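Just so it is clear, none of the values below were taken in a lab; they were calculated from the coordinates. Fair warning: this is a prediction, and the values are worked out from it, not measured in the lab. Cβ sites come from the backbone with ideal geometry, for glycine too, and all protein chains shown count toward neighbours.
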Amino acid sequence: NILIEANNINKVYDPDLYLKRGKNFYALNNVTFTLEEADFTCIMGPSGSGKSTLLNCLSTLDRISSGELRFMENDVSAMSKDQLCEFRYQYLGFVFQNHNLIPYLSLFDNIATPAILAKEDPKKLEERIKQLANDLEITDLLNKFPHECSGGECQRAAIAHALINDPKILFCDEPTGNLDSKNSHKVLNILSKLNQQGTTILLVTHDAMIASYAKKMMYLYDGGIQSVVYKKQDSQLDF
Ligand code: ADP
Ligand code: ADP
């Protein structure tokens, strides 16, 4: 099942610059890409190659300048702001480099927020949060505030927050960028496990060690896809 289909998508942040200086000012240049359900794909490439731009466009946070982008058969460019908002709540989860938790809410309330907005039944919600907290090993921290927890703990809470509405796909931009290697592996093992259970993952990193967790690696250069490498099964490095 195809989740995302991008056909010749382009992104130009500054059209004036483009007119003056030409093609080099495409942040994305004719990218064609499909993402299947249950994929774990890593977007790699040097700084400025377009990784974040591609993730932002594929995840509907930013608009493409031209080309065709379909998400579960919906034409993303044709969707209004409100439709996109609704769509994101229903199907998409986001994890960023910074955990982005709300400082004056407990971890529990942080995790609960998207589900409350989606009018989830409170009893079911509590069950779901307990389950997620258990999976992410933050059960004892649910009543704490972000400033009382470590970076790794906050990032795991941020993953719970991203998962609370049971998204089809998790978009991750340098999700371990602020973590030490022990916490990075912990987070990546969690993402791998989620992927094995069926969640699709699209992750941006410049770190080859992190990419070794993915099934497929896509290398960007100057806004274009340079190569795609599929990892052999069972070649997962064991840390
Ligand atoms: P990466 O994530 O690989 O570092 P980015 O997607 O951030 O690359 O950037 C790709 C190109 O687009 C770079 O040349 C960058 O300077 C430019 N760019 C990114 N975001 C913006 C923006 N909001 N406005 C203008 N140019 C941008
Ligand atoms: P990353 O580490 O993910 O590549 P960057 O440091 O390139 O991120 O960019 C951080 C933020 O600044 C992003 O939100 C990006 O959209 C924005 N940005 C990047 N390059 C530019 C630019 N040339 N002009 C304006 N905004 C930019």
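Observations
- Based on DSSP H segments of at least four residues, each scored -39500 (n - 2.57), the chain has a per-residue ellipticity at 222 nm of -10500 deg cm²/dmol.
- Antiparallel DSSP beta bridges within the chain, as percent of all bridges there, nearest 5: 55
- In loop segments of segment 34-105 as defined by DSSP, the GluC sites (Glu not before Pro) with at most 14 further C-beta atoms inside 10 Å of their C-beta are E37, E73.
- Measuring nothing but alpha carbons in the chain and taking Rh as the Kirkwood radius, the Rg to Rh ratio lands at 0.98.
- Environment charge at C154 (Cβ cut-off 12 Å; Lys +1, Arg +1, Asp -1, Glu -1): 0
- Pairs exceeding 19 Å between alpha-carbon atoms, taken from K51/K168; K51/K216; K119/K144; K186/K231: K51/K168; K119/K144; K186/K231.
- Estimated Rh, segment 104-239: Kirkwood, alpha-carbon pairs, angstrom: 16.1
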